[in-house]
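Input: a single structure, listed below in structure tokens.
Throughout, read-outs are computed from the coordinates displayed, never taken from laboratory work. Keep in mind that what you see is a predicted model, and the values were worked out from it rather than measured. A quick note on method: Cβ atoms are made from the backbone with ideal geometry, for glycine too, and the neighbour counts reach across all protein chains shown.
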Ligand SMILES: [Zn+2]
């Protein structure tokens, strides 16, 4: 993945800290989708399904943290910008 690094001031190769975990975590968000039609049933079952639903929702926060973690520069380790950066965004050097 090519990203612009603010520290190196050039386009560098960048990577996520845990690419494999990141891929798996994306599936986590879709884990609950097949159960949406059964929500009334799940909500009325307090022994197994409701605690499992709560666990799932608690797990949502670490999952979001992994997904939102920025990629880092392979050269210097600085966090790199998301796509959409353009050289025009860079502040002009002092004259
Ligand atoms: Zn860098």
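For n ≥ 4 DSSP H runs only, could you compute -39500 (n - 2.57) per run for the chain, divide by its residues and tell me the 222 nm figure to the nearest 500?
Values: 3 runs with 35 residues, N = 95.
That comes out to -11500 deg cm²/dmol.
Taking 0.36 nm per intervening residue step and subtracting the Cα-Cα distance, what contour gain separates residue 58 from residue 41 on full extension? Before the final figure, lay out each step's value.
Values: separation 17, 0.36 × 17 = 6.12 nm, distance 2.02 nm.
That works out to 4.1 nm of additional length.
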(request) Kindly express, to the nearest 10 degrees and within the range 0 to 90, the angle between helix 49-68's C-alpha long axis and the longest C-alpha principal axis of the chain. (result) 0
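Label the chain by shape, choosing from rounded, prolate and oblate, from the square roots a ≥ b ≥ c of the eigenvalues of the Cα gyration tensor; if a/c is under 1.5 it is rounded, and otherwise prolate applies when a/b is larger than b/c, oblate when it is not.
On the way: a/c = 4.03, a/b = 3.22, b/c = 1.25.
Since a/c reaches 1.5 and a/b is larger than b/c, the shape of the chain is classed as prolate.
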(request) Pop the C-beta distance of residue 2 and residue 68 into the FRET formula with R0 = 22 Å and round what comes out to the nearest 0.05. (result) 0.60
